[in-house]
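Novice: Mind having a look at this structure? Questions to follow.
The values are calculated or read from the model by the stated rules, or taken from the named source; none is laboratory data. Given the structure is predicted, the values throughout are model-derived calculations rather than measurements. Heads up, the Cβs are rebuilt from the backbone with ideal geometry, glycines too, and the neighbour counts pull from every protein chain shown. Protein only, heavy atoms only, side chains kept; ligands, DNA and RNA dropped before computing areas. Shrake-Rupley method; radii C 1.70, N 1.55, O 1.52, S 1.80 Å.
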Amino acid sequence: MKKNKIFTWCLCGLLLCLSACTTTKIVHTNIGYGWNNNSVNTVKFRKNALTTYGHYQFTAYYDENSCLILGKRKINSSNWEKVKTPYKGNTKDAHNDISIAVDGDGFLHVSWDHHNTTLRYVKSKAPLSLELGAEQPMTGIEERTVSYPEFYNLPNGGLLFFYRSGASGKGNMVINSYDLKNKNWTQLHNNLIDGEENRSAYWQASIDKQGVIHLSWVWRESWDVSTNHDLCYARSKDGGITWEKSTGEKYKLPITAATAEYAWKIPQKSSLINQTAMAVDKNGNPYIVTYWSENEIPQYQIVYLDKGHWKKINTGFRKTPFYLGGGGTKLIPISRPDILINDKGSEPLLYILFRDEERGNKISLAYSKLTEKINWKIVDLTDTSIGQWEPNYDISLWEKKNKLHIFSQNVNQIDGEGLAKTPPSMISVLELNNLPK
């Protein structure tokens, strides 16, 4: 009898172990070697580093010679088709990332190499092709001082293209829209968020299943990151033409510091990072994640809308203080985060994807149920350091299949746009088909 009990306990323990291992099973799929003298391939504001259309997944990166490389594979395949394009970028500036998207007809759109520079944009010659056409303008309007280009997919197969026109602390937000039927770009706004020559907005967006565009941003008063402040919000229900607050009140455009809806007030010198990250639940409620300090220790903070009221969750699991200030691409002990929501069950699960020096600079995933007593658990997705990596995942695949594919590269970043002298490092995709619960 005693032996049977021992056998039963061992069997139960083995099953629990197998269950946990299955839940967090990770597959690494290598793509190729990429530029590693700074973090340009892994900066947070790429939209997108990975994207899926139908049965195919696409990616883009710079190689060790600053050449723009495109890749494509069938989902679940480890074989990547790669093409070295005729285009290069100024990889010495880590702002000059590559953003890609695939429209509803299967054409690949690529924009790259921007930091207050002329727009660079190309489109594939055929659906699902990696062969690119010639560089071309989108609209020819406000395309001389472009930064932070980002593509967003609309449910109707069209695209949105967001970017900043102007310099840090004096920039405006531009939105272009791609019409799938006419296959052309039009400019919806040349100044949606107006810095009034005194500040600029650092934004991110998320588009829900109903096609509502949710936009959040922080204000920055100058080149100095310590002047970041406040978290603001707007949404559009008509493809980006008109905008409103969470209350339904219509914005008079452009949005300014005086007219913006403040989801959360955050003073300057709070180590508030540029950009935000967003996700939207099945009820259309936005969740915004970023980090700032309330007591000298910057923490990942989630600001979300619940029954018409803005609430905040301080994750509180970090222990190490640091202060954010100065200009250029910073050497920071933590990455900007990404956020995902799994609300298929009765209680939403929140996931934060990040990197932290406290955890050995590994790719980490924090997760918790959305309750009053938040209890964060953390699992490391890599065994070793990933350097100055920041998260970028396949948004389209997550939204359609609830599969998390993460763009991964071990990268360096010297503070203030410095360059390391390091050999190229392997770029890969981390695949989590079942997230921990």
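Novice: Given H placed 1.01 Å from N in the peptide plane, which residues other than close sequence neighbours of Tyr121 have an amide H under 5 Å from its amide H?
Specialist: Residues meeting the amide H criterion: Gln136.
Novice: For the stretch 189-205, in order, what is each residue's ³J(HN,Hα) by Karplus, 6.51 cos²θ - 1.76 cosθ + 1.60 with θ = phi - 60°, in whole Hz (x at glycine and Pro)?
Specialist: With coefficients 6.51, -1.76 and 1.60, one gets 8, 9, 6, 5, 10, 9, x, 6, 6, 10, 7, 9, 9, 10, 10, 8, 9 Hz.
Novice: Leaving ligands, DNA and RNA out of it, report the carbon-plus-sulfur percent of the accessible area of the stretch 251-360 at a 1.4 Å probe.
Specialist: Working: 2190 of 4460 Å².
Its accessible area is 49 percent carbon and sulfur atoms.
Novice: Also, quick follow-up: How do Asp105, Asp113, Asp97 rank by accessible surface area computed with a 1.4 Å probe, from largest to smallest?
Specialist: Ranking Asp105, Asp113, Asp97 by accessible area, largest first, yields Asp105, Asp113, Asp97.
Novice: Something else: For Gln268 and Lys237, calculate 0.36 nm times their separation in residues minus their Cα-Cα distance, and state this gained length in nm to one decimal.
Specialist: 8.0 nm is the gain from fully extending Gln268 to Lys237.
Novice: From the phi of every residue in the stretch 150-155, what ³J(HN,Hα) in whole Hz does the Karplus formula 6.51 cos²θ - 1.76 cosθ + 1.60 yield, where θ is phi - 60° and glycine or proline is x?
Specialist: Result, ordered by residue: 9, 9, 9, 8, 9, x Hz.
Novice: Another question about this same structure. Quick one: accessible area per residue over the stretch 139-296, 1.4 Å probe, rounded to a whole number of Å²?
Specialist: 38
Novice: Which of the three applies to the stretch 197-318, rounded, prolate or oblate, going by the alpha-carbon gyration tensor with a ≥ b ≥ c and a/c under 1.5 meaning rounded?
Specialist: Since a/c reaches 1.5 but b/c is at least a/b, the shape of the stretch 197-318 is classed as oblate.
Novice: For the stretch 33-109, which whole-number percentage of the solvent-accessible area (1.4 Å probe, protein heavy atoms only) is attributable to carbon and sulfur atoms?
Specialist: The nonpolar share, carbon plus sulfur, comes to 44 percent.
Novice: Karplus couplings for the stretch 425-437 from phi (6.51 cos²θ - 1.76 cosθ + 1.60, θ = phi - 60°), rounded to Hz, Gly and Pro as x?
Specialist: 10, 6, 9, 9, 10, 9, 10, 10, 8, 9, 7, x, 10
Novice: What is the dipole size for the chain, taken about its Cα centre, with +1 at each Lys and Arg Cβ and -1 at each Asp and Glu Cβ, in debye to the nearest 20?
Specialist: 1420
Novice: Next question. Could you do me a favour and compute the accessible area per residue for the stretch 19-117, 1.4 Å probe, result in Å²?
Specialist: Solvent-accessible surface per residue comes out at 35 Å².
Novice: Another question, if that's okay. With viscosity set to 1.567 mPa s at 4 °C, what whole-number translational diffusion coefficient in µm²/s follows for the stretch 148-196 from Stokes-Einstein and a Kirkwood radius over Cα pairs?
Specialist: Working: Rh = 11.4 Å.
Result for D is 114 µm²/s.
Novice: Using a 1.4 Å probe over the heavy atoms of the protein chains, calculate the carbon and sulfur portion of the accessible area of the stretch 118-172 as a whole percent.
Specialist: 50
Novice: Tally Lys/Arg at +1 and Asp/Glu at -1 over every other residue whose Cβ is under 13 Å from the Cβ of Asn342; what's the total?
Specialist: Net charge around Asn342: +2.
Novice: Can I ask one more? Under the definition of Cα pairs under 8 Å and six or more residues apart, what whole-number percent is the relative contact order of the stretch 383-437?
Specialist: Details: 71 pairs, mean separation 19.2, N = 55.
Taking the mean separation of contacting Cα pairs over the length of the stretch 383-437, I get 35 percent.
Novice: Taking only C-alpha pairs under 8 Å that are 6+ residues apart, what is the relative contact order of the chain in percent?
Specialist: Worked out over the chain, it gives 15 percent.
Novice: With a 1.4 Å probe and every protein chain left in place, tell me how much accessible area Glu197 has, in Å² to the nearest 10.
Specialist: Number for this one is 120 Å².
Novice: Something else about it: Measuring from label point to label point, each 7 Å out along Cα→Cβ, what is the Ser385 to Met426 span in nm?
Specialist: Here the modelled spin labels are 1.9 nm apart.
Novice: Now a separate question. Using label points projected 7 Å from each Cα along Cα→Cβ, tell me how many nm separate Trp223 and Lys377, to one decimal.
Specialist: Distance between label points: 4.7 nm.
Novice: Averaging over all projection directions, find the projected area of the Cα convex hull of the stretch 273-413 and quote it in nm² with one decimal place.
Specialist: Numbers: hull surface 36.2 nm².
Hull-based average projected area comes out at 9.0 nm².
Novice: If you count only protein heavy atoms and use a 1.4 Å probe, how large is the accessible surface of Lys377, to the nearest 10 Å²?
Specialist: Around 100 Å² of this residue is reachable by solvent.
Novice: Taking a threshold of 28 Å on the Cα-Cα distance, which of the pairs Lys47/Lys170; Lys47/Lys312; Lys92/Lys181; Lys252/Lys344; Lys307/Lys369; Lys250/Lys307 fall above it?
Specialist: Checking Cα-Cα distances, Lys92/Lys181; Lys252/Lys344 exceed 28 Å.
Novice: Could you compute how much accessible surface Phe322 exposes when probed at 1.4 Å, giving the result in Å² to the nearest 10?
Specialist: 40
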